[in-house]
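Asks: What follows is a structure written as C-alpha cells; I'll ask about it next.
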Amino acid sequence: MMINLLSPIVSGAIPADIADEELVSEYLLTQNGRYFEILYQRYSGKVYAKCLTILNDNFLAMDAMQDIFMKVMLSISTFKSKAKFSTWLYSITYNFCIDETRRRKKRMMAGEEEIEKLTDTLEDEDLIEDERLISVKVDHMKEILGEMKEIDKSMLLMKYQDDLSIKEIVDITNKTESAVKMQLKRAKEKFVKIHEEKYANEQQ
Amino acid sequence: MSNNEYNGFKALEQEIINNRKDTEFNSVENKLKENKNTFDFIGNLISLYLPEVLTVLTKFIGGSRNNK
C-alpha cells in the first residue's frame, strides 16, 4: 500500500469541508491540536449561544463553554464515531448547563424529580403547533426564554434549535420517552403562556 | 420544516453568535491550548517514566513477597 506523505492533512492544509467525525479521528490519531481548534471554531459559537440562553449570564456562559470544551478534550476518546459529533457535543452542553443550574439552585432539583415521577404515568396530547413557537420574534424569544426554567429551555432548544428527535433527547437527558414528551409539552405550554401574557396586544 | 422557513430559535442562536466578542472566544481558545500542552506534558512524563516505575514496583512487590 502506498502512503501519500504529502497528503493535505500531513502538510498542514486541512480541507475546509472535512467532516467533524473525521476531525475527531485525526485528532485522536495524531494528537495535533489543529484538528481540535477547527472543532472549537465550528462549535464554540453554538455552544456559547446555548449556555447563554440556558444560564442567562455572559460570565457563566463563557466559563461553562470553557469547561465544556475541556470536558470534550478529555473525553473525546470515548466519542463513538457512529454518532454525530454535534449531537454528542450538545449532549455534554445541555447536561453541563442543567447540572450547573442544579448546583446553584439545589432546591429546584426536588421539585423537578417530583415532576419526572409523575410524567412516567401521564399521557396527554400535545395540541400546540410548532409553528406557534418558531414564529416568535427574536426579541420576544429572548424575553420569554429568560423567564423559563433551565430544563424547559433546554428541551425547546434541543427540539427547535438543534432539530433533535425524541429518541436523541431521551439519550441526552437519560429520561424515559414519555417523560421527555411530557416535559416538552409542558415547556411548550409555558412558552405560549408567557408569550400570551406579555405580547397579547401585539401582532406577530 | 423547510430550510427557508423562519425559526425564532435558530434566529436567536445566530444573533448571539453574531454579537459574541471574539476576544473572549480567543482567550478561551488559548486557555484550552495551554491546558492541552499541560496534559501532553504530564502524559509524556507518565509514558516516559511509567515503565521504570512499574519495574521498580514489580521488584518491590516481588521482594516483599519473598521476605514473607
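The values are calculated or read from the model by the stated rules, or taken from the named source; none is laboratory data. Quick caveat, the model's predicted, so the values are computed rather than measured. No Cβ is skipped: glycine too gets one built from the backbone with ideal geometry, and neighbour counts run over all protein chains shown. Calculation scope for accessible area: heavy atoms of the full protein, side chains included, ligands and nucleic acids excluded. Shrake-Rupley method; radii C 1.70, N 1.55, O 1.52, S 1.80 Å.
Asks: Kindly indicate whether A:A19 is at pLDDT 90 or above, surrounded by fewer than 16 Cβ atoms within 10 Å (Cβ to Cβ) and more than 18 Å from the chain's Cα centre (by Cα).
Replies: yes
Asks: So, A:E37, is that one within 13 Å of chain B (Cβ to nearest Cβ), assigned to a helix (DSSP H, G or I), more than 27 Å from A:T101 (Cβ to Cβ) and in contact with a helix residue (DSSP H, G or I) (Cβ under 8 Å, 6 or more places away or on another chain) or not? First the steps, then the outcome.
Replies: On the way: within 13 Å of chain B (Cβ to nearest Cβ): yes; assigned to a helix (DSSP H, G or I): yes; more than 27 Å from A:T101 (Cβ to Cβ): yes; in contact with a helix residue (DSSP H, G or I) (Cβ under 8 Å, 6 or more places away or on another chain): yes.
Yes; evaluated as a whole, the condition is true for this residue.
Asks: If you don't mind, there's one more thing I want to ask. Kindly establish whether B:K31 is within 19 Å of A:F36 (Cβ to Cβ) and modelled with pLDDT under 80.
Replies: Numbers: within 19 Å of A:F36 (Cβ to Cβ): yes; modelled with pLDDT under 80: no.
No, not satisfied.
Asks: Also, quick follow-up: Going by what's in this entry, would A:V24 be described as in a helix (DSSP H, G or I), at pLDDT 95 or above, crowded, with 20+ Cβ neighbours inside 10 Å and hydrophobic (A, V, I, L, M, F, W, C)?
Replies: Details: in a helix (DSSP H, G or I): yes; at pLDDT 95 or above: no; crowded, with 20+ Cβ neighbours inside 10 Å: yes; hydrophobic (A, V, I, L, M, F, W, C): yes.
So A:V24 fails the test.
Asks: Please specify each residue of region A:69-108 satisfying the condition of being without any contact (Cβ under 8 Å) to a residue 60 or more places away in the chain, more than 20 Å from A:L156 (Cα to Cα) and not basic (K, R).
Replies: Correct list: A:F69, A:M70, A:V72, A:M73, A:L74, A:S75, A:I76, A:S77, A:T78, A:F79, A:A83.
Asks: Scan region A:42-60 for residues that are free of Cβ contacts under 8 Å to residues at least 12 places away in the same chain, more than 8 Å from chain B (Cβ to nearest Cβ) and assigned to a helix (DSSP H, G or I) and report the count.
Replies: Final tally of qualifying residues: 2.
Asks: Please go through region B:17-34 and give me each residue that is more than 18 Å from A:D67 (Cβ to Cβ) and open to solvent by 70 Å² or more (accessible area, probe 1.4 Å), ordered by number.
Replies: First, the residues of region B:17-34 that are more than 18 Å from A:D67 (Cβ to Cβ): B:17-19, B:21-23.
The answer is B:N18, B:N19, B:K21, B:D22, B:T23.
Asks: Okay, moving on. For region B:35-42, state whether one or more residues are at the interface with chain A (Cβ under 7 Å from one of its Cβ atoms), open to solvent by less than 30 Å² (accessible area, probe 1.4 Å) and assigned to a helix (DSSP H, G or I).
Replies: yes
Asks: Which of the residues belonging to region B:1-16 are surrounded by 14 or more Cβ atoms within 10 Å (Cβ to Cβ) and at the interface with chain A (Cβ under 7 Å from one of its Cβ atoms)? Outline the logic, then answer.
Replies: Going through region B:1-16, the residues surrounded by 14 or more Cβ atoms within 10 Å (Cβ to Cβ) turn out to be B:7-16.
B:N7, B:G8, B:F9, B:K10, B:A11, B:L12, B:E13, B:E15, B:I16, listed by residue number.
Asks: Which condition from (1) within 14 Å of another protein chain (Cβ to nearest Cβ); (2) modelled with pLDDT of 90 or more is the one that A:N95 breaks?
Replies: That leaves (1) as the condition not met.
Asks: Now, a different point. Identify the residue in region B:34-61 that is among the acidic types (D, E) and modelled with pLDDT of 80 or more and, among all such residues, is farthest from the chain's Cα centre (by Cα). Before the answer, list the steps.
Replies: Within region B:34-61, the first condition is being among the acidic types (D, E), and the residues that meet it are B:34, B:40, B:52.
Within this subset, residues satisfying the condition of being modelled with pLDDT of 80 or more are B:34, B:52.
Details: B:E34: 10, B:E52: 26 Å.
Filtering region B:34-61 for residues that are among the acidic types (D, E) and modelled with pLDDT of 80 or more, the one farthest from the chain's Cα centre (by Cα) comes out as B:E52.
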